[in-house]
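A short worksheet on the structure shown next.
Throughout, read-outs are computed from the coordinates displayed, never taken from laboratory work. Every value quoted in this text rests on a predicted model; they were computed, and no experiment measured them. All Cβ positions, glycine included, derive from the backbone under ideal geometry; neighbour counts span all protein chains shown.
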Amino acid sequence: MDASIKTLQQAIQHFTDSENCRKFMVFVRWPDGTPKCPYCGATKLTWLAKANVYRCYGDHKKQKFSLKVGTVFEDSPIGLDKWLPALWLLCNAKNGISSYELHRALGVTQKTAWFMLHRIRLAMETKSFVKFGGPDSAPVEADETFVGGKVGNMHRAVVRKRFKGMASQAHNQTKAIVMGIRDRETRQVRARVIPDVNRETLQNEILANVEKKSTVYTDAAQGYYNLARRDFIHDTVNHLEEYVRGQVHTQGIENFWSLLKRGLKGTYVAVEPFHLDRYVTEQVFRYNNRATKDNPLTDGDRFTLAASQISGKRLTYAELTGKVGGAQVF
């Protein structure tokens, strides 16, 4: 993308030109600059400017295709002049952007804006990664948090129904659980919704994301007990007595929790547990691609990175609302 584009206003002006949209989509989808047919892979194509589609001369039914085919934008009547500013907004709004804000900003319905944001969150998801830590690397922090409404804000009838016969300290059992792992060396985070805080669940997440022989710091939760037997160097901090003991703490991942909950409570207000994982993905993307002294990323850099991940992913409305299986990744 043009390096001179540094603000949302400049991005909106730039992408009102359909030719600029085409050039950008070619840039992020085909880095070699040669568009390919999503159905047969052919490179012999003709751009039909009036219709904003390519024509392929291969022997298959759909000879014409738009730049949205094969991406999270596929089958959407919304033009790229709205999709790309929406992508810019979600990538760079520190606390996220609600569907109501987007619907007013772009002139689409709130339902459409909600669907657009979930598709963009799918694009933000990174599937491949290298494990954190290692024998000679900096420590790794692991922690979990509970996400859900405060009992004090609920109607009495809802409290009676949901927490009937339950001790007050057990209210967390009705909340969604998110586990996160932070590498102090790379300052990167991975987080996702987990079903419970059982020892097997928590330690399997660490095994899947952290190299063995790494130093792992956690709180004193029973789920991390005997982690040293899994070939990790493990130390804990008991939050009933202290929060930091020298290098032993989980302050880094707890900072991420504060950012996540600020967005959930302040911007999104009410998030269904069914969709929570995508909101966590959104915050992980922004956190891992924030500007630092060592890596001074700009808004345009984050936007281009997210756009480079739109291909090969598809989310339909039926999948989003739970009527059929999960999102497709080709």
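Data for the structure
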quantity	calculated
Highest-MSF residue in the chain out of K111, K62, K127 [GNM, Cα springs under 10 Å]	K127
Cα-projected label distance for F27 with A221, points at 7 Å along beta-carbon direction, nm	4.2
Linear extension gain, T174 paired with A49, 0.36 nm per residue minus alpha-carbon span	39.6 nm
In sequence order, calculated HN-Hα J values of the range 72-84 (Karplus, 6.51, -1.76, 1.60; Hz; x Gly/Pro)	5, 7, 4, 6, 9, x, 6, x, 5, 5, 9, 4, 5
Estimated [θ] at 222 nm from DSSP helical runs (n ≥ 4, -39500 (n - 2.57)) normalised by residues in the chain, nearest 500	-10000 deg cm²/dmol
Stretch gain in nm, segment F129-E200, where the contour uses 0.36 nm per residue and the Cα spacing is subtracted	23.3 nm
Pairwise FRET efficiency - K64 versus Y100, Cβ, R0 = 30 Å, nearest 0.05	0.25
Candidates D59, D75, D183, ranked by Gaussian network fluctuation over the chain, Cα under 10 Å, top entry	D59
Cα shape, the range 182-330, gyration tensor, a/c 1.5 rule	prolate
GNM top mover of L67, L297, L264 - the chain, alpha-carbon springs below 10 Å	L297
Residue order, fewest to most beta carbons within 10 Å, for R55, R22	R55, R22
Calculated from backbone phi, Karplus (6.51, -1.76, 1.60) coupling profile of the range 106-114 in Hz, x at Gly/Pro	9, x, 10, 6, 5, 4, 5, 4, 4
Global form of the range 48-195, assessed from the alpha-carbon gyration tensor, a/c cut-off 1.5	oblate
Amide hydrogen neighbours beyond the local backbone of V210, cut-off 5 Å, H modeled	F132
Nearest 10 degrees, 0 to 90: helix 199-209 Cα axis against the chain principal axis	50
Calculated FRET efficiency for the pair N153/E185, C-beta based, R₀ 51 Å, to 0.05	0.80
Nearby lysines by direct alpha-carbon distance to K265 (threshold 30 angstrom, same-chain neighbours under 8 apart not counted)	K6, K82, K94, K111, K127, K150, K161, K164, K175, K293, K313, K323
Rounded FRET efficiency, nearest 0.05, which uses the C-beta distance separating T34 from E241 and R0 of 56 Å	0.35
Square roots of 5 times each gyration tensor eigenvalue, C-alpha, the chain, largest first, Å	40, 24, 19
